[in-house]
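So the structure is just underneath, and the comments pick up after that.
The values are calculated or read from the model by the stated rules, or taken from the named source; none is laboratory data. In this text the structure is predicted, and so the values were computed from the model without any measurement. Note that each Cβ is placed from the backbone with ideal geometry, even for glycine, and that neighbours are counted across all protein chains shown. The accessibility values were calculated without ligands, DNA or RNA, using every heavy atom of the protein model including side chains. Shrake-Rupley method; radii C 1.70, N 1.55, O 1.52, S 1.80 Å.
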Amino acid sequence: MVHNLLFYTNYQMKTKILTFLFIAVAMSVFAATEFSCQGQSDPWTPQQLLAPADIAKVLNDPNSPQPIVYCIGMQAIVKGSIDIGPAMKEENLNKLKQKLINLPKKSQIVVYCGCCPFSRCPNVRPAMELLKSMQFTNYKLLNLPQNIKVDWIDKGYPMSE
Amino acid sequence: MRIFALAFALLLLGGSTYTLTAQPTGLERGNMAPEIKLPSLKGDTIALSALKGKFVLIDFWGTWCAPCVEEQSELARLYKKYKQTSFTNGTGFEIYGVAMEAKKPNWEIFVAKNNISWIQVSDLKFWRSPVAKTYNIQELPFNVLIDGKGVIVAKNLHGPDLEKEIGRYLRK
């Protein structure tokens, strides 16, 4: 009877430890995946995200050195930006490549899409990867975390005609 | 003189009754949905108000918006199921699809390829469309359900929640 009780207690302990280990491993895997989705897999660093208010200030100041701004989304909305078309399409990515090919590597370049949040945007990643592969050193992604309406138009930042 | 006084009183009465019954235009449940008048794929202008009498889902979407594209098959199912249905405040179900597109070809190809048979309109102004401002759209997909009088009964419902809401207004 005592032997049975000891065996049962031992069994309970083992089950608890195994359950605990399983939950711990599952949580680590989940956390690692989340981290990878949010940061590691994005081809840009937090320093490469350009605040809309900062570039709006530059675009509104004709005496300020102007960056070259490419729209790699559906429609050029930012004032003075060059419409490339959605970078998810190979023909548009090639178009961007042709625009970039003769530029000095230190050129100040900004790209943006703004269709939807970065996590769902099919255009920002191919464009940023292209800039990286072409070894540009001063390129940024316009930080439009929700979309260009909420983060640019609604804020009254300068728009193309 | 008496006739004028009577007419004036009637006018006042009519005015106050109208004030009591008319819904204000707005974006809240119980408000009259703001008017939309946009060109269809054929180029003719279709007004939302022309659908008065029907139960209408205003679907704001775009071919570039993955969740919107995913939702179209569900909308096709609802359209087929409820098109001829009688509601407590409207007869027949219509979808008024507002495509937040920048260029016509993408939209045209998608609609043809997916046999979308409900109303499709767009001003091809993408996020700059005045409708996005009027309806205070923050992201896509976004939708508004209106009854036969054009009054908003629900906003931004998707999947089973949308059908459940439509079901609440079926005439029994």
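Per residue, chain B exposes 55 Å² of solvent-accessible protein surface, assessed with a 1.4 angstrom probe and all protein chains in place.
Near residue A:138, once Lys and Arg are set to +1 and Asp and Glu to -1 for all other residues with Cβ below 14 Å from its Cβ, the sum equals +4.
In order along the stretch A:43-58, phi translates into HN-Hα couplings of x, 8, 9, x, 5, 8, 8, 9, 5, x, 4, 5, 6, 4, 4, 5 Hz, rounded to whole numbers, per the Karplus curve 6.51 cos²θ - 1.76 cosθ + 1.60 with θ = phi - 60° and x for Gly and Pro. For residue A:110, the residues 5 or more places off, or on other chains, whose built amide H falls under 5 Å of its own are A:68, A:69, A:70, A:140. Within the shell of other residues whose beta carbon sits under 9 angstrom from the beta carbon of residue B:142, the net charge comes to -1, with Lys and Arg scored +1 and Asp and Glu -1. Amide H contacts for residue B:95 (H built 1.01 Å from N in the peptide plane; partners 5 or more residues away or on another chain; cut-off under 5 Å): B:57, B:119. Site pair residue B:74 and residue B:28 shows an inter-label distance of 2.8 nm when each label is modelled 7 Å from Cα along Cα→Cβ. In the stretch A:107-144, the residues that give up 20 Å² or more of accessible area when the other protein chains are added, compared with the chain on its own (1.4 Å probe), are A:115, A:120. Name the most mobile residue of B:35, B:101, B:70, meaning the one with the largest mean-square fluctuation, in a Gaussian network model of chain B with Cα contacts below 10 Å. It is B:70.
By the helix-only formula, in which each DSSP H run with n ≥ 4 contributes -39500 (n - 2.57) and the sum is divided by residues, chain B has a 222 nm mean residue ellipticity of -11000 deg cm²/dmol. Just to confirm a number: summing +1 for Lys and Arg and -1 for Asp and Glu over residues other than residue A:70 whose beta-carbon lies under 9 angstrom from that of residue A:70, what do you get? It works out to a net charge of 0.
The spacing between the stretch B:31-59 and the stretch B:70-109, judged by their C-alpha centroids, is 12 Å. Each principal axis of the Cα cloud of the stretch B:24-168 was taken in turn, and the coordinate range along them, longest first, works out to 39, 31, 27 Å.
Each part gets one Cα centre, and for the stretch A:34-113 versus the stretch A:118-161 those centres are 5 Å apart. Across the cross-link table entries B:125/B:164; A:106/B:125; A:79/B:103; A:105/B:103; A:155/B:149; A:155/B:81, which are compared at the Cα atoms, the separations over 31 Å belong to B:125/B:164; A:106/B:125; A:105/B:103; A:155/B:149; A:155/B:81.
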